[in-house]
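Chemist: Before anything else, here's the structure in question.
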Amino acid sequence: MIGNAARYGGEGRCYRFWQDFVACTKKNGGEKAVCVPAKEDYLECLHHTKQNARLAKVEAEMKRQQAAGTLPAEVQELLNRTPPQ
């Protein structure tokens, strides 16, 4: 979402990241290569690719530890809890 209108009014969740990216490109004469960190922040806000990749690694490690029987007891207890009804 490039515009600043969120679904129910107000500012969109990633609009500030977009503004930072645009300000960077304007400041650097349209040179986008200088603004890669700002662009990455904006795209991460939109798609959560880094967050999802990290979550997948954490879940894989939990499964590995669970299969090996080395998962800490506190974590195993949390996994065994049933959610409140």
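The values are calculated or read from the model by the stated rules, or taken from the named source; none is laboratory data. Given the structure is predicted, the values throughout are model-derived calculations rather than measurements. Cβ coordinates were reconstructed from backbone atoms using ideal geometry, including for glycine residues, and neighbour counts include every protein chain displayed. The area values use the complete protein model at the heavy-atom level, side chains included, leaving out ligands, DNA and RNA. Shrake-Rupley method; radii C 1.70, N 1.55, O 1.52, S 1.80 Å.
Chemist: Under a cut-off of 19 Å between alpha-carbon atoms, report the lysines in cross-link reach of Lys26, not counting same-chain residues fewer than 8 places apart.
Modeler: Lys39
Chemist: Could you grab the relative contact order for the chain? Cα pairs under 8 Å, six or more apart, rounded to a whole percent. Intermediate values should be presented prior to the final figure.
Modeler: Values: 43 pairs, mean separation 15.3, N = 85.
It comes to 18 percent, rounded to a whole number.
Chemist: Just by accessible area at a 1.4 angstrom probe, what is the order of Tyr42, Tyr15, Tyr8 from largest to smallest? Each step should come with its number before you reach the end.
Modeler: Values: Tyr42 15, Tyr15 45, Tyr8 195 Å².
Result, largest first: Tyr8, Tyr15, Tyr42.
Chemist: Here is a further query. Just the Cα atoms of the range 5-85, one point each, no solvent: what log10 I(q)/I(0) does Debye give at q = 0.14 Å⁻¹?
Modeler: So the normalised log intensities are -0.70.
Chemist: Once fully extended, how much extra length lies between Ala23 and Gln76, figured as 0.36 nm per residue of separation less the alpha-carbon to alpha-carbon distance?
Modeler: Values: separation 53, 0.36 × 53 = 19.08 nm, distance 4.72 nm.
Contour length minus Cα-Cα distance gives 14.4 nm.
Chemist: Please give the per residue accessible area of the chain, computed with a probe of 1.4 Å over protein heavy atoms only, in Å². Spell out each step's value before the answer.
Modeler: Details: 6970 Å² over 85 residues.
I get 82 Å² per residue for this part.
Chemist: Determine the gain in length on full extension of the stretch Lys32-Arg7; use 0.36 nm per residue of separation and subtract their C-alpha separation, reporting nm with one decimal. List each step's numbers first, then the result.
Modeler: Values: separation 25, 0.36 × 25 = 9.00 nm, distance 2.87 nm.
6.1 nm is the gain from fully extending Lys32 to Arg7.
Chemist: Let me ask something else about it. Counting other Cβ atoms within 10 Å, keep those with at most 13, restrict to DSSP loop, and tell me which GluC sites (Glu not before Pro) in the range 1-72 are left.
Modeler: Those satisfying the criteria are Glu31.
Chemist: Right, here's the next one. Quickly estimate the mean residue ellipticity at 222 nm for the chain, helices only: each DSSP H run with n ≥ 4 gives -39500 (n - 2.57), and the total goes over all residues, rounded to 500.
Modeler: Taken over the chain, the calculation gives -20000 deg cm²/dmol.
Chemist: Enter the accessible area of Thr82 (Å², nearest 10), with the probe set to 1.4 Å and all protein chains included.
Modeler: Roll a 1.4 Å probe over it and Thr82 shows about 110 Å².
Chemist: With a 1.4 Å probe and all protein chains kept in place, how do Val58, Val34 rank by accessible area, largest first?
Modeler: Details: Val58 60, Val34 85 Å².
Reading off the accessible areas and sorting them downward yields Val34, Val58.
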